[in-house]
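Here the structure comes first, spelled out in structure tokens, and everything after it is commentary.
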Protein chains: 10
Amino acid sequence: MNKQSMTDTIVSAKAARGLTWEAIAKDIDVSPVWLASACLGMNSAPAAIAKKVTDHLSLDDDVTAALVAFPTKVWDQAVPTDPLIYRLYEVVGVYGDTLKEVIQEKFGDGIMSAIDFSMEVDKIEDPKGDRVLLTLNGKFLPYKTW
Amino acid sequence: MNKQSMTDTIVSAKAARGLTWEAIAKDIDVSPVWLASACLGMNSAPAAIAKKVTDHLSLDDDVTAALVAFPTKVWDQAVPTDPLIYRLYEVVGVYGDTLKEVIQEKFGDGIMSAIDFSMEVDKIEDPKGDRVLLTLNGKFLPYKTW
Amino acid sequence: MNKQSMTDTIVSAKAARGLTWEAIAKDIDVSPVWLASACLGMNSAPAAIAKKVTDHLSLDDDVTAALVAFPTKVWDQAVPTDPLIYRLYEVVGVYGDTLKEVIQEKFGDGIMSAIDFSMEVDKIEDPKGDRVLLTLNGKFLPYKTW
Amino acid sequence: MNKQSMTDTIVSAKAARGLTWEAIAKDIDVSPVWLASACLGMNSAPAAIAKKVTDHLSLDDDVTAALVAFPTKVWDQAVPTDPLIYRLYEVVGVYGDTLKEVIQEKFGDGIMSAIDFSMEVDKIEDPKGDRVLLTLNGKFLPYKTW
Amino acid sequence: MNKQSMTDTIVSAKAARGLTWEAIAKDIDVSPVWLASACLGMNSAPAAIAKKVTDHLSLDDDVTAALVAFPTKVWDQAVPTDPLIYRLYEVVGVYGDTLKEVIQEKFGDGIMSAIDFSMEVDKIEDPKGDRVLLTLNGKFLPYKTW
Amino acid sequence: MNKQSMTDTIVSAKAARGLTWEAIAKDIDVSPVWLASACLGMNSAPAAIAKKVTDHLSLDDDVTAALVAFPTKVWDQAVPTDPLIYRLYEVVGVYGDTLKEVIQEKFGDGIMSAIDFSMEVDKIEDPKGDRVLLTLNGKFLPYKTW
Amino acid sequence: MNKQSMTDTIVSAKAARGLTWEAIAKDIDVSPVWLASACLGMNSAPAAIAKKVTDHLSLDDDVTAALVAFPTKVWDQAVPTDPLIYRLYEVVGVYGDTLKEVIQEKFGDGIMSAIDFSMEVDKIEDPKGDRVLLTLNGKFLPYKTW
Amino acid sequence: MNKQSMTDTIVSAKAARGLTWEAIAKDIDVSPVWLASACLGMNSAPAAIAKKVTDHLSLDDDVTAALVAFPTKVWDQAVPTDPLIYRLYEVVGVYGDTLKEVIQEKFGDGIMSAIDFSMEVDKIEDPKGDRVLLTLNGKFLPYKTW
Amino acid sequence: MNKQSMTDTIVSAKAARGLTWEAIAKDIDVSPVWLASACLGMNSAPAAIAKKVTDHLSLDDDVTAALVAFPTKVWDQAVPTDPLIYRLYEVVGVYGDTLKEVIQEKFGDGIMSAIDFSMEVDKIEDPKGDRVLLTLNGKFLPYKTW
Amino acid sequence: MNKQSMTDTIVSAKAARGLTWEAIAKDIDVSPVWLASACLGMNSAPAAIAKKVTDHLSLDDDVTAALVAFPTKVWDQAVPTDPLIYRLYEVVGVYGDTLKEVIQEKFGDGIMSAIDFSMEVDKIEDPKGDRVLLTLNGKFLPYKTW
């Protein structure tokens, strides 16, 4: 079973049961962002967690195996068109140089890892309109001299 | 004075005085990320803040005026090459669909605004390697029916 | 049922019944532009409206559910080729900087929202050739300082 | 004098006098959108109007001549990055097929001209946030059989 | 029946009968270029003409309906590769600015319409090698001031 | 003197004398389209014609030499943005396959040369709006077997 | 039968019989390069030759007809990735301007035709490593004045 | 002296002396194609040959040094627009797969080197129109197993 | 059997048997990198080795034949998105000019062959985090004068 | 002093003194690859090493400061054209999926860092043609679950 079929199967089972990523994630004690990324085929799950996911949704072993498989991460649109995703791309375009200035001022020459990395989504209720809070947490990797 | 000359002037003055975005930002009571973005020409500063910035760096009124001017936000590289900025682009590519799933599960159909928006950079010290904490805070904008 | 099948089903049913977007929209009291965008899969419909659409066309519940689902908005052609759509793209290319000047002169630094947004199409009859009147109505979102 | 120098000269003179496109346009009885587009080099002005513009700003005859010259309309970014302009591009991407459906339902097979065309910007004051009203008015051109 | 199937059906029927665009066009009194463009799905045919085409080729009503439908004009190759079509693209690249100079010298600022437009292909016999004569005939549309 | 300087010199001299391509072309007995293309740097002129052009405009020998030089034909925009030139590009996109059908039906497998080629622009006066008549005349080149 | 199926059929029959392009070409007295290009769908074959090819491989008349059909020449990769083909592309990139200099020095302003054109591949045995000899032979087409 | 200035200097000196690549190449006993490529900055010349070139044209030692320098080979247009160079690109597009078939049939799996490579241009006089003969000669490099 | 089916068949058989590229490579005495590249369809295998691979995995002769076939090497993403592969692309972008400097300083003007080439992957265990050691070994090919 | 001027200054001084990267690197005890990358502006040098480099070449303090500055790593060509660099790009295209297979088989799901990374170039003398040996050494970074 490839990652695409795996995602279709999981998303259907989740919808049929009226579940949310948040609820499943809580039950198996992982982050909902990480869980969704694994189920959408953009991360591999350790075997024990994959088992919990498929048990939770009463899915077969081939789905478990597909969750464990190492994904090839591919996206087709160099510039994404969906407005929610484009706004994130726009943030990188508008604030990329700024973040480079501020991060390297604080840490020296190097980068924030996108591999040793986690991310959370929170909701801040606000009478003037609720706000989305995205938190990205990545290890700083300094350039080395050799 | 255009934004590019303004940036060159501010960055030189800042370097000559051995200042950091963090220090200047603290003294004039704004966020260092926002301050850097305005000084790099990606945001306009209210007149009072622009005055504080140029007073702090002993710069002329034309720099103040350039800080106040409304910028045209342009970036040349659809896919950025600098590794620090590319890693952020990669996060959008790898996690874009995931964030859409999780945000819309929490908030309904809509987007996180990149205009009614702020961002912070923090350093988490860690003996296994310090970590960068990026916090993005944007108003949720629901799609409307008409 | 995915959005593509939903669109095919709705468009066929509408053609078979000899209906127009305008007529359906009038009956269920929404705008024909919004209705068409939801039926073409570019907006999600509130459940009550989705129900009215499918009742009107005697379609099944899975079409209703597909209308309610949150869409991922994707377009393939960065530069559209169909002449009607290209002319709109050309307007953005020719008048983009002009609109930025005039809008920001009137409102300050910020943008017109494409989310808190509506649009209408009207026909102005004219003996020298009828005219198309497009009206775009979007909330102004000012940039913020933080 | 080329269009670029013309624009620089006009924009500087306008700023030095503290004028707005709206005010100049009112005095010489044209639309502010059209006036801004001519001054930004995207439309040619009839000689009489060009004269009024340069008289109003006390500019030389070579600026008048440059306003009269027929422009070559060029834009560099197939996908614009400035957020105000991108939102308009996004509207074309999201609603292009929808507008084709609704316009051709009303008018038959054909297009809205971007040449026999005008556009206005209005401000709708609203306590929940002011709104931008863009009105595009283009002649309908039917396809012909031959 | 979509335009692609329509084209396949018409082209097969035409080949089976050993007909040419020229012969069919003559019989139903339209231009062979326009006829071919409608049958290739790039123009819609008025109902009476569509009927004549399908009668001529003994095809079903769904082909007639497909000929009448308004097409979405899409081409995939921004730069065409087929040598016959590339040469036309090359003419636009090499002579585009020249045609702008000569047309606008003759007509003023404006464009040649590609909608209120027709085109013919003729053969000029020549002992040194026959020549192709393409004639493009489009309404001049002047830019307007508003 | 390179082609760009040559074009600037010729265009300025022509404007200063209030001449048109049509008038110059008539005097030196060539087509105005070819003359404009040579003066814009997209064709080389035979020495005798180049001399006539520069004599007509009282220009120096280095302009004559530049007219004679063989040009490298370069255009920057794969998809042109100026509306007059885009419409020609659109004609190639919409009617490319059609022209291939009709030309190859008339001539067999081959192409219309863009080298052994000429082009004319005519004005057809019409009370409903003048029309542009473009005539392209290229040698047919059959593919060969070897 | 379309060109793609034709190619698949011919290539399979050729492999099954253990034939080479060279051997077939010799038997029917054409060049192996031309033969391969026709069988890969990039050239049309005269009816008599097409018949010989399909007789040689004991294939049906629909393959013969497909060989005779005029092809639309399409390639997907603007920059080819296969190393053998990329090296040819690299030669055009590295030596394009050089060839323009040398050819136009020898022949005057004009081009080498890719239509009235043939090509051969030879093998030069060499103890230090065999060499590929490609010979391109195209008619020189001079630009014309009109 | 960089390669661009070197080329400008050599080309001017060559033109001033009325020399051809062919004549210079003959005098210093190299191929005119190779000579032109070195003088256009696409190959480095051995010191002795570089000296002969600059002696022949009475140029300074910095030109000699620039001829000896190792070039970085850059071309800007992925798809070349000049018709002479485009036709070569078209040959690669139309015949690339064909050449792969025929070369690998003759030599096995591998490529023709573009480094251990030479090229010649010859003129074949022909009453029906002279022909250009391009000869490419590259070492065959077989893929290896390891 | 085409290369894609071949790869699917081999990868499934390998997974079903719980084998690694390393283990198979060791048994048939080739490098695991080369073996994987042949099985992924990017290299052709000599017949004897292809036989060993398919014997090892108990696969049919058509798989053996597919392994022997000469591949057309195609990759779709000019800029790869998978993070592991992107990092290699980034190394070429960041260090490309550097490698050119250092290699050509050591070897003279020329290139490292990607055809007469091999590559190995090793693991260096390290308590601070294991390291990947990639070794690329290519024949130096000097440019030649002719 | 920006990185570009710094590189020009260092490269000129190095050439004037007849030095190599290898020799300078040996004297100041760093790798020649790293040294060249820092001098070409693609890495920042620690202050002590920067001082040694500029002392070695008798350059001013502003060069030292420029070497210490954190670079923004930019490359213009998504697909490099210089043959030496293209061959490396080709290796990533041809062997990217292979390396992913082999590395992840050895290390688990993760990547080879391009930041905690070093690279060496060696020359292997060989009577059949010298060989280039590139060694890339990067820390393995496993994906994490959160």
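The values are calculated or read from the model by the stated rules, or taken from the named source; none is laboratory data. Just so it is clear, the model here is predicted, and its values are computed rather than measured. Cβ sites come from the backbone with ideal geometry, for glycine too, and all protein chains shown count toward neighbours. Side chains included, ligands, DNA and RNA excluded: accessible areas come from the protein's heavy atoms. Shrake-Rupley method; radii C 1.70, N 1.55, O 1.52, S 1.80 Å.
Counting only the heavy atoms of the protein chains, how much of G:D126 is accessible to a 1.4 Å probe, in Å² to the nearest 10?
40
So, with a 1.4 angstrom probe, what is the percent of accessible area on the range C:83-142 that is carbon and sulfur?
Its accessible area is 48 percent carbon and sulfur atoms.
So if I place +1 on the C-beta of Lys and Arg and -1 on the C-beta of Asp and Glu, and nothing else carries charge, what would the dipole magnitude of the range H:83-142 be about its Cα centre? I want it in debye, nearest 20.
With Lys and Arg at +1 and Asp and Glu at -1, about 60 debye.
Once you keep just the Cα pairs under 8 angstrom separated by 6 or more residues, what percentage relative contact order results for the range J:83-142?
Normalised by residue count, the contact order of the range J:83-142 is 32 percent.
Name the residues whose placed amide hydrogens come within less than 5 Å of the amide hydrogen of B:G110, ignoring near sequence neighbours (fewer than 5 apart) on the same chain.
Hits under the 5 Å cutoff: B:Y143.
Please give the per residue accessible area of the range G:3-68, computed with a probe of 1.4 Å over protein heavy atoms only, in Å². Walk me through the intermediate numbers first.
Numbers: 2800 Å² over 66 residues.
Result: 42 Å² of accessible area for each residue.
In degrees from 0 to 90, rounded to the nearest 10, what is the angle of the helix E:3-16 Cα long axis to the longest principal axis of chain E?
70
Under 15 Å between alpha carbons, and skipping anything fewer than 8 positions from D:K26 in its own chain: which aspartates and glutamates qualify?
Cα-Cα hits under 15 Å: C:E105, D:D55, D:E120, D:D122.
Given R₀ = 41 Å, what would the calculated FRET efficiency be for J:A48 paired with B:I124, taking r from the Cβ atoms and rounding to 0.05?
0.90
On the rotation axis linking copies I and F, which residue of I comes nearest by its Cβ, and by how many whole Å?
Whole-Å result, nearest residue of chain I to the axis: I:A78, 8.
Please report the relative contact order for chain I, taking Cα pairs under 8 Å with a sequence separation of at least 6, and give it as a percent rounded to a whole number.
Reported relative contact order: 18 percent.
Using the Cα centre of chain A as origin and beta-carbon charges of +1 (Lys, Arg) and -1 (Asp, Glu), tell me which of A:V91, A:S58, A:P142 is placed farthest towards the positive end of the dipole.
A:P142
Could you tell me which of rounded, prolate or oblate describes the range I:3-68, using a ≥ b ≥ c as the square roots of the eigenvalues of the alpha-carbon gyration tensor, with rounded for a/c under 1.5 and, failing that, prolate when a/b is larger than b/c and oblate otherwise?
rounded
So what is the relative contact order for the range C:3-68, in percent, with contacts set as C-alpha pairs under 8 Å and at least six apart? Before the final figure, lay out each step's value.
Numbers: 63 pairs, mean separation 24.8, N = 66.
RCO, the range C:3-68: 38 percent.
Given 10 °C and 1.306 mPa s, how large is the Stokes-Einstein diffusion coefficient of the range H:83-142 in µm²/s, with Rh as the Kirkwood radius over Cα pairs?
Numbers: Rh = 13.4 Å.
Answer from the Stokes-Einstein relation: 119 µm²/s.
For E:L136, what accessible surface area do you get with a 1.4 Å probe? Give it in Å², rounded to 10.
10
Using DSSP to call loops (not H, G, I, E or B), can you name the trypsin sites (Lys or Arg not before Pro) in the range B:98-146 whose Cβ has at most 16 other Cβ atoms within 10 angstrom?
Here the trypsin sites (Lys or Arg not before Pro) that fit, given the DSSP loop and packing criteria, are B:K128, B:K144.
Looking at chain G as a GNM with Cα springs under 10 Å, which of G:A36, G:A47, G:A16 has the largest mean-square fluctuation?
Maximum among the listed residues: G:A16.
Taking every residue in D:62-72, how many Cβ atoms of other protein chains lie within 10 Å of its Cβ, on average?
Other-chain Cβ atoms within 10 Å of each residue's Cβ, averaged: 2.
Quick check: with the 1.4 Å probe, what order do H:D62, I:D76 take by accessible area, largest first?
I:D76, H:D62
Helix F:83-107 versus the longest principal axis of chain F: what angle, 0 to 90°, nearest 10, using Cα atoms?
For helix F:83-107, the angle is close to 50 degrees.
Which order do A:W75, H:W21 take when ranked by solvent-accessible area (1.4 Å probe, heavy atoms of all protein chains), largest first? Provide the component values of the computation, followed by the final result.
Values: A:W75 35, H:W21 0 Å².
Result, largest first: A:W75, H:W21.
Estimate for me the total accessible surface buried between chains C and D (protein heavy atoms, probe 1.4 Å, no ligands or nucleic acids), in Å² to the nearest 100.
About 6800 Å² of accessible surface is lost on pairing.
Compute the separation of the alpha-carbon centres of the range C:1-32 and the range F:90-108 and state it in Å as a whole number.
36
Can you pick out the pairs among D:K52/D:K73; B:K128/J:K106; E:K3/F:K123; G:K123/H:K73 whose Cα atoms lie more than 30 Å from each other?
E:K3/F:K123
What is the dipole size for chain F, taken about its Cα centre, with +1 at each Lys and Arg Cβ and -1 at each Asp and Glu Cβ, in debye to the nearest 20?
Rounded to the nearest 20 debye, it is 140 debye.
Where does chain G land at 222 nm, in deg cm²/dmol rounded to the nearest 500, when only DSSP H runs of n ≥ 4 count, each adding -39500 (n - 2.57), divided by all residues?
That calculation yields -15500 deg cm²/dmol at 222 nm.
Using heavy-atom solvent-accessible surface (probe 1.4 Å) with all chains present, what is the largest-first order of J:E90, D:E105? Numbers along the way, then the final one.
Working: J:E90 5, D:E105 60 Å².
Order by accessible area, largest first: D:E105, J:E90.
Taking the Cα centre of the protein assembly as shown as origin, work out the dipole magnitude from +1 charges on Lys and Arg Cβ and -1 charges on Asp and Glu Cβ, in debye rounded to 20.
Result for the protein assembly as shown is approximately 0 debye, rounded to the nearest 20.
Using a Gaussian network for chain B with springs between C-alpha atoms less than 10 Å apart, which of these wobbles most: B:A15, B:A65, B:A50?
B:A15
Averaged over peptide G:34-44, how many Cβ atoms belonging to another chain are found within 10 Å of each residue's Cβ?
5
Debye calculation, C-alpha points only, no solvent: report log10 I(q)/I(0) for the protein assembly as shown at q = 0.04, 0.05, 0.08 Å⁻¹, in the same order as the q values.
So the normalised log intensities work out to -0.27, -0.43, -1.29.
Could you identify which residue out of D:V63, D:V30, D:V91 has the top mean-square fluctuation in a GNM of chain D using Cα springs shorter than 10 Å?
Fluctuation is largest for D:V91.
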